């Protein structure tokens, strides 16, 4: 059974449809990367999955239990208690860290343990220090966020999410706020989580990383799923796979007219061409 399942998700802002019927799922131990150009709806989809944004249509399930079902025939929402239970199943790592600057590193990790899981201060501190040690940050426990590098801040954010022992982790552009030289350390942590069989949904622009770490890749543009499959299928240069995806991809409005002309007439690797321009 899938930990996460989203069906036909729709969302509009100011009358403009941002998500046009997106469906996806993620099973235990699976890594799903969501890629695509800026403005394609990736982060909005993640916010709906983590209950930070309301959908206007579609269905969301965690562990087979419906959180909402907004279809033509029904408008059902889980109770507040059921949504709180669902929140215990996932963790979210923001692109801008979202650490409290006036709290120490260890207190940033402890706080949700105390206020969400109702652990004692002693229990929370023990757990927080254990995950900070896992992230290689135990020696930074009593420091404040301002003294950390961007990569260290993101590792603290990952530690905070992991401390709650979620079944699935969401990453929203985990390296976008980092200098290039700091990106590697965060990607290394995510690779280690894959080795531990942590289910993850990752919104990223790191194409090589997505190809290397993912079990499946979902490529979005203009609020739609353009193609979905294994890294080999999505990034393949084989002509038959190019033909499979080229019709849908060439219709995406994010491509400049000049690129569309190239695409239709000259490209030998349509899928990869689309991803890198």
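The values are calculated or read from the model by the stated rules, or taken from the named source; none is laboratory data. What you see is a predicted model, and the numbers here were worked out from it, not measured in a lab. Don't worry about glycine lacking a Cβ; one is built from the backbone with ideal geometry, like all the others, and counts go over all protein chains shown.
Structure values in brief
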item: Subset of segment 130-152 [surrounded by fewer than 19 Cβ atoms within 10 Å (Cβ to Cβ), modelled with pLDDT of 95 or more and outside any loop (DSSP other than H, G, I, E, B)]; result: 130, 133, 138, 139, 146, 147
item: Looking only at segment 25-49, and only at residues there that are at pLDDT 95 or above and touching a helix residue (DSSP H, G or I) at 6+ places or on another chain (Cβ under 8 Å), the one that is nearest to residue 198 (Cα to Cα); result: 31
item: Filter pass, residue 124 being without any contact (Cβ under 8 Å) to a residue 40 or more places away in the chain, part of a helix (DSSP H, G or I) and closer than 17 Å to residue 103 by Cα; result: yes
item: Helices (runs of 4 or more DSSP H) wholly inside segment 165-238 containing at least 3 residues that are more than 12 Å from residue 31 (Cβ to Cβ); result: 180-195, 231-235
item: Candidate set from segment 54-103 (those that are without any contact (Cβ under 8 Å) to a residue 12 or more places away in the chain and in a strand (DSSP E or B)); member that is farthest from residue 143 (Cα to Cα); result: 75
item: Any hit, segment 167-177, residues being more than 14 Å from residue 97 (Cα to Cα), crowded, with 20+ Cβ neighbours inside 10 Å and in contact with a helix residue (DSSP H, G or I) (Cβ under 7 Å, 6 or more places away or on another chain); result: yes
